[in-house]
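Asker: First the structure, which I've put down as structure tokens, then a few questions once you've had a look.
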Amino acid sequence: MTSRDYRSVAARIRQELPHLERVAQRATRAWASASCDSEDLYVDAAALNIHGFYAGLERIFALIAERIDGSLPSGPSWHQDLLRQMTAEMPGIRPAALAPDLFPALDRYRGFRHVVRNVYAYVLDPRLVAVLVEDLPETNERLRTEFAVFADALEAIAEAAGD
């Protein structure tokens, strides 16, 4: 990998952050409407946006794994393995993209994304949607901070390599 790879990934991370913010806000707005109205469609909308939030994160994770790490997990647990990979430092390649203590919270969003993809909307548990939406602003803010620090680190690695 070259310094260009590091810079490119840093730029893509920064480009994705506003999209994650937007989808998190949509989930929060949909849930607020669900709380005021008994219409199931608002719960569905909140769930779909939570799904979109984690899918956006996973796109960033896959980009880092492919372009920087040179290794995208495979197999039946690849989604969880990819998340775990992001919390690990790759000595000589990159720092951890995310603090390890974020793993449990993000793993809940990963698991929920799987549920949304594989069951009918009417099966969704509104209580779980509520918890995930309630935690979303804090989780998103923490991710924004961690990704900004990580993107800065990638750019520093590129600068040090100087190629």
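Asker: Dividing the Cα radius of gyration by the Kirkwood radius, what Rg/Rh value follows for the chain?
Answerer: 1.02
Asker: If you take the square roots of the eigenvalues of the alpha-carbon gyration tensor of region 1-85 and sort them as a ≥ b ≥ c, do you get rounded (a/c under 1.5), prolate (a/b over b/c) or oblate?
Answerer: Details: a/c = 5.53, a/b = 2.00, b/c = 2.77.
Verdict is oblate for region 1-85.
Asker: Also: Would you give the gap between the C-alpha center of region 149-163 and the C-alpha center of region 26-69, rounded to a whole Å?
Answerer: 30
Asker: Could you give the dipole magnitude of the chain about its Cα centre, charging the beta-carbon of Lys and Arg +1 and that of Asp and Glu -1, in debye to the nearest 20? Walk me through the numbers before you get to the answer.
Answerer: Working: 18 positive and 24 negative charges, 61 e Å.
That gives a dipole near 300 debye.
Asker: Continuing with this model, one more query. Stretched out fully, how many nm does the piece from residue 80 to residue 101 gain, at 0.36 nm a residue minus the Cα gap?
Answerer: On the way: separation 21, 0.36 × 21 = 7.56 nm, distance 1.46 nm.
6.1 nm is the gain from fully extending residue 80 to residue 101.
Asker: Let me ask another. Which one, 24, 136, 64, is farthest towards the positive end of the dipole of the chain when Lys and Arg carry +1 and Asp and Glu -1 on their Cβ?
Answerer: 64
Asker: Further, regarding this structure: Going by alpha carbons, how many degrees (0 to 90, nearest 10) lie between the helix axis of 40-64 and the longest principal axis of the chain?
Answerer: Roughly 10 degrees, rounded to the nearest 10.
Asker: Using only Cα atoms, what is the ratio of the radius of gyration of region 54-116 to 2.2 N^0.38 Å? Don't skip to the end; give the middle numbers.
Answerer: On the way: Rg = 11.2 Å, N = 63, 2.2 N^0.38 = 10.6 Å.
Against the empirical 2.2 N^0.38 Å value, I get 1.06 for region 54-116.
Asker: Tell me, what does the Kirkwood hydrodynamic radius of region 80-136 come to in angstroms if you use every pair of distinct C-alpha atoms? Don't skip to the end; give the middle numbers.
Answerer: On the way: mean 1/r = 0.0778 Å⁻¹.
With all distinct Cα pairs of region 80-136 included, I get 12.9 Å.
Asker: Using r as the Cβ-Cβ distance of residue 135 and residue 11, and R0 as 45 Å, what FRET efficiency do you calculate, to the nearest 0.05?
Answerer: After rounding, the FRET efficiency stands at 0.95.
No value in this document is a laboratory result; all are computed from the given coordinates. Remember, it's a predicted structure, so these values are computed and weren't measured experimentally. Positions of Cβ are generated from backbone atoms using ideal geometry, with glycine treated the same way; all protein chains shown enter the neighbour counts.
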